[in-house]
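What follows is a single structure, written as structure tokens, with notes after it.
No lab work stands behind these numbers, since they all come straight from the coordinates. All values derive from a computational prediction rather than experimental measurement. Because the Cβ atoms are built from the backbone with ideal geometry, glycine has one as well, and the counts that use them run over all protein chains shown.
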Ligand SMILES: [Zn+2]
Ligand SMILES: [Zn+2]
């Protein structure tokens, strides 16, 4: 085993000490008083950034990146990158920070595992979802500049930031996707849809780094926008997002509609040779044994069990995890916020009842007598 021996000065030793003890203030003072290279190595070939990632400390990781730390640096003997360590730490926001700084999501360690696979291996499903849904901002910015003979870019530059955020959203419930189009993307749905379709095709054309999961996700987002567009009335000024949400939330028929349009979306994915397409088709072809189409695409995009092991109830309207607001009347359903409750009220009011207290029961029995 070849150990990497580096001459580490006393100040540099202190850097590792402070990172290991999560002492951000000590670290700040140290960096303020000394000229320190952030990309130094300890006896295991690990950088301070890798140690911060191992600790799951996003504040320290961000500070080191601000001081110029290279997210890809490191000589770990088993080929772990900072993102591998972050994925193991379970801190999704930290994974996001490293990815935004240019961490490679497909880098493999000496066991041939990517950061997302390591996260899945130890059950950090949120990290799997964050890594799988990440896309560099430059991939969106590309469309804001005219290409070749174009006079106008395909995407107005003001839409680049909201579109980037829209793509990386982990929750793929169609109502959440539609709600996330507000307030800006909704104004230019045909343009946004077209760019998403181009991006989906591009993901499949990267020779060595084909990302079929992202390609399908982009196709799916474009497809949902198509459905929202169909809810737009040429004369009436009704909100197409609201109409679309209500179509899905209708008791009975809503579920049928949701199932049908997601199946159509899978069927229309043009890349039928890829593993993700076959995996979804196999799950959907089991007749009455098939899981709901929405959960099939969730698994395909966010990984196995990504949403199955939460004990906090999700939003009744948009499926967002950790919905903290309850219907104040019946306390039986949960929502993210007022908007989600308002959207579902037309259907929920039919089954919403105040729970019957003992006192009320007594009153009822008295009335009956
Ligand atoms: Zn919600
Ligand atoms: Zn209720």
Requested in this report: Using packing as a proxy for protection, rank 43-54, 289-300 so that the peptide with the highest average count of other Cβ atoms within 10 Å comes first.
Outcome: 43-54, 289-300
Requested in this report: With a bin width of 5 angstrom, please list the P(r) values of region 81-229 as percents of all Cα-Cα pairs, from the 0 bin to the one holding the largest distance.
Outcome: 2, 9, 18, 20, 19, 15, 10, 5, 2, 0
**Report entry** Per-q log10 I(q)/I(0), the chain, q = 0.07, 0.09, 0.13, 0.14 Å⁻¹ (Debye; single scatterer per alpha-carbon; no solvent)
**Finding:** -0.41, -0.64, -1.11, -1.22
Requested in this report: Multiply the residue gap between residue 17 and residue 342 by 0.36 nm, knock off their C-alpha separation, and tell me the result in nm, one decimal place.
Outcome: 111.8 nm
Report summary line: When 208, 63 are arranged by how many other beta-carbons sit within 10 Å of their Cβ, fewest first, they go 208, 63
**Report entry** R0 of 35 Å, Cβ-Cβ distance residue 67-residue 165: FRET efficiency to nearest 0.05
**Finding:** 0.85
**Report entry** Gyration tensor (Cα) of region 215-275, equivalent ellipsoid semi-axes in angstrom
**Finding:** 25, 15, 8
Query - Percentage of interatomic Cα-Cα distances in region 138-308 larger than 28 Å - result: 24 percent
Requested in this report: Return the single residue from 224, 122, 170 with maximal mean-square fluctuation; model: Gaussian network over the chain, springs between Cα atoms under 10 Å.
Outcome: 122
**Report entry** Distance between modelled label sites at residue 322 and residue 191, nm, 7 Å Cα→Cβ extension
**Finding:** 3.5 nm
Query raised in the report: Taking springs between alpha-carbon atoms closer than 10 angstrom, which of 103, 87, 32 fluctuates most in the Gaussian network model of the chain?
Result: 32
Query raised in the report: Can you give the extra length, in nm with one decimal, that the chain gains between residue 286 and residue 182 once fully stretched, where that is 0.36 nm per residue apart less the Cα-Cα distance?
Result: 33.8 nm
Query raised in the report: What list do you get for 256, 77 if you sort them by fewest beta carbons within 10 Å?
Result: 256, 77
Report summary line: Simple spin-label estimate for residue 271/residue 210, 7 Å along Cα→Cβ, in nm, reads 0.7 nm
Query raised in the report: Given the Cα-Cα distance of residue 151 and residue 93 and 0.36 nm per residue of separation, how much length would full extension add, in nm?
Result: 17.0 nm
Query raised in the report: Is region 1-130 rounded, prolate or oblate when judged by the Cα gyration tensor, a ≥ b ≥ c being the square roots of its eigenvalues, rounded requiring a/c under 1.5 and prolate requiring a/b larger than b/c?
Result: oblate
Query raised in the report: To the nearest Å, what is the center-to-center distance of region 239-255 and region 327-343, using C-alpha atoms only?
Result: 16 Å
Report task. Taking the Cβ of each residue in 204, 118 as the centre, tally the other Cβ atoms inside 10 Å and list the residues starting with the fewest. Result -> 204, 118
Report summary line: Counting every C-alpha pair in region 250-346, the percent lying more than 17 Å apart is 60 percent
Query raised in the report: Any idea what Rg and Dmax come out to for region 42-103 if you just take the C-alpha atoms, in Å?
Result: 10.0, 28
Query raised in the report: Could the peptides 104-114, 278-288, 157-167 be put in order, highest first, of the mean number of other beta-carbon atoms found within 10 Å of their residues?
Result: 157-167, 104-114, 278-288
